[in-house]
Amino acid sequence: MSAISNLLIPRIGDETAVACSWERFLQDQPMPGAGVRNVVLDSWRRSRSEAVDPTISSAPTANEEQINQVRAQTWALYEAAKPVLETLREILRESGTLIMLSDPSGTILDLSGESRARDAGEQINLAPGGCWREEMIGTNAIGTAIATHRPVQIYASEHYCIDVKHWTCAAAPILDPQGKTLLGVIDVSGVKETFHGHTLGLVISAAKQVEGVLTRRDAELHRRLLEHAMDGFSRYGNDFVVLFDQRGRVVKCSGNLQQVREMYGVRLPFEMGSQLTALDFAMHPDERIRQAPIWLRPEWLHPVRSRDGDLGTLLVIPVGAPHQQLVSLPAPPAKTADNLFTDIIGTSQAISAAKLRARRIAPLDLPVLLLGETGVGKEIFSRAIHKASSKPDGPFIAVNCGALTRELLASELFGYTEGAFTGARRGGLPGKFEQADGGTLFLDEIGEMPLDMQPHLLRVLQDGVVVRLGDTRERKVSVRIIAATNRDLQADAGDGRFREDLFHRLCVVSLHLPPLRERPEDTEAIIAHLNQRLARKYGCQPKELDPEVLHCLLRYRWPGNIRELQNVFEAMFALSDGRRIDGGLLPPHIAAAETEPARNPQMPDRAAGRLAEMERAAINAAVTKAHGNLSMAARNLGISRSTLYVKLAAIRNMEKTGTSPS
């Protein structure tokens, strides 16, 4: 089995076995032990995890304006690939195949081939503008090469979607000179009768040639960039300076990195060739702002220009004596009103995983169910998903299903005609479904929807038609549903409190949003974000926090999540005099809150006490050795600064009360 599983090139004779395995895979049945290669099986699993429908008849496609925008962003790749693609076309002229170049998102930028092959390709959107990421159309050479960053050949039944199974394709990724960033994909596809094992070698060779062209071009651009930037390194010799090229990759840096990490919370490792996507000129400006880390300040950025245009960016981080008495929180980057992913603050593993899944879900035209406690930011996530969807300019309409009576909710959702009930507006009123046509409808607290209303919602979701109250006319609507709840809908469905068929219709794709207590390392960044936002709201400078205030905010568990933190911090901000927030402004229940470290129920109290005493001794020793520098002490202990604050607050409270860890 291993010899077959690890084959680089498919075996035609295995097609029947692969088809049988695919059917069993979709039914979650055990598969026979031969025929399916590892690269294919892994791709099937990714496709299923992304809720790809195997009956999709074609890949999604971009409109002409979007295609032109993508081509403009990838012009350097296209120019480098053009002569290589011409050579490949000559070699494969009589083969009946299509030769393609895609961008890193799987969107086809350029395609050529015989007219019969082009006509066949257009049936499944294997054409300019077609998007062939695995998340969109399942296993295929372009999408799988993007997912793995490796060359791959896919034959017939190895594809995930039924209508693509009569094709064969081979693709190779084009990587940047450092071999880290995917720039595009070269692909050769045709109906399965055109299969030839040598095709994979051809696309690999073509991709390597394009990489060679780009490497030489990069070397020349970096030479010019360094020439124009050397004056900046001299001018800012006492600061920390980093030079980035047009793709946001590090070309040169100087200064004390450790110092700026401690002063501003800079976390990016500045190795040569590492990338800061917020400075990638090829990326849309809105997306660059979304990708900006919280520590990056716009005033630190200086463009490096020549007569031919921008060559790169010089990042200058000022180095000065840090404030000894007060905690100055780092400022988040500027953002626009549409830039809603930046409102989802945090870099913890829990929130990063949620944001990554949200970005993957956003382009899929599927219902989404957001799960999480009250106050975790479900509406912010829903707006971000809408803005990152295929219809970002469509309307976004939000309805709280738990805030309205049954009658009001019905008229709000479905609308009504004139005279439908006492007080109905003359001429009637369209409901939220009609208002959201061509966009997204966000149904918050969906678990609170009355049971007898749920069949009406289910019908709209299934048939795409809505009937106003008091009317018989059906109106077609195209609306993406994002629902949210803090309840266990699956348990409610099992107990008869929520329709099971509606639950499965809403929960095509789900996204769990973690509570704030599960990502405490993000609390300080959220406070910094709120500090900047409230400064703009009240027309003043951001406030400085007394260290004890920050300690208390970081050790509190925030049962009301971000919403509670926002309300508490705004009250403290508004009531504070001058630029300082001191301990007198803390709500009593937060000032008095104690950290309750998790304890293993099987651990004897005495053993737990000894461990707590050892931890306290280690923390005190680290702080003493660092001469009170908490950032350095946290680094030496191998924990975050926020965690150290929480532990120090617990130690101080224990010392005040005279309690013993044993």
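Worth pointing out:
- Normalising the average separation of contacting C-alpha pairs (under 8 angstrom, six or more residues apart) by the number of residues puts the relative contact order of the chain at 9 percent.
- Our helix-only sum for the chain, with -39,500 (n - 2.57) per DSSP H run of n ≥ 4 divided by its residues, gives a mean residue ellipticity at 222 nm of -12500 deg cm²/dmol.
- For the chain, with +1 on Lys and Arg beta carbons and -1 on Asp and Glu, the positive-most of Gly496, Val242, Ile446 along the dipole: Val242
- Total formal charge among the other residues, if their Cβ is under 14 angstrom from that of Val210, Lys/Arg +1 and Asp/Glu -1: -4
- Here's the picture: charge each Lys and Arg Cβ at +1 and each Asp and Glu Cβ at -1 in the stretch 349-512, and of Ser382, Leu356, His456 the one pushed furthest to the positive end of that dipole is Leu356.
- Rounded to 5, percent antiparallel among DSSP beta bridges of the chain: 70 percent
- Correct option for P(r) over Cα pairs in 20 Å bins from 0, in percent [calculated from the coordinates] among (1) 14, 36, 35, 14, 1; (2) 15, 40, 36, 8, 0; (3) 15, 42, 29, 11, 2, 0: (2)
- Charge dipole (debye, nearest 20) of the chain; +1 at Cβ of Lys and Arg, -1 at Cβ of Asp and Glu: 1340 debye
- Bridgeable lysines around Lys192 (alpha carbons under 20 Å apart, same-chain partners fewer than 8 residues away excluded): Lys165.
- Dipole magnitude of the stretch 236-317, debye to nearest 20 (Cβ charges: Lys/Arg +1, Asp/Glu -1, about Cα centre): 60 debye
- Applying a threshold of 21 Å to the alpha-carbon distances of Lys387/Lys432; Lys355/Lys387; Lys355/Lys432; Lys355/Lys537 flags Lys355/Lys432; Lys355/Lys537 as lying beyond it.
- Within straight-line cross-link reach of Lys543, lysines at Cα separation under 21 Å, skipping those fewer than 8 residues along the same chain: Lys335
Readers should treat all values here as calculations from the given coordinates under stated rules, not as data from a laboratory. Since the structure is predicted, the reported quantities are computational estimates derived from the model, not experimental observations. Counting neighbours? That spans all protein chains shown, and the Cβs are built from the backbone with ideal geometry, glycine included.
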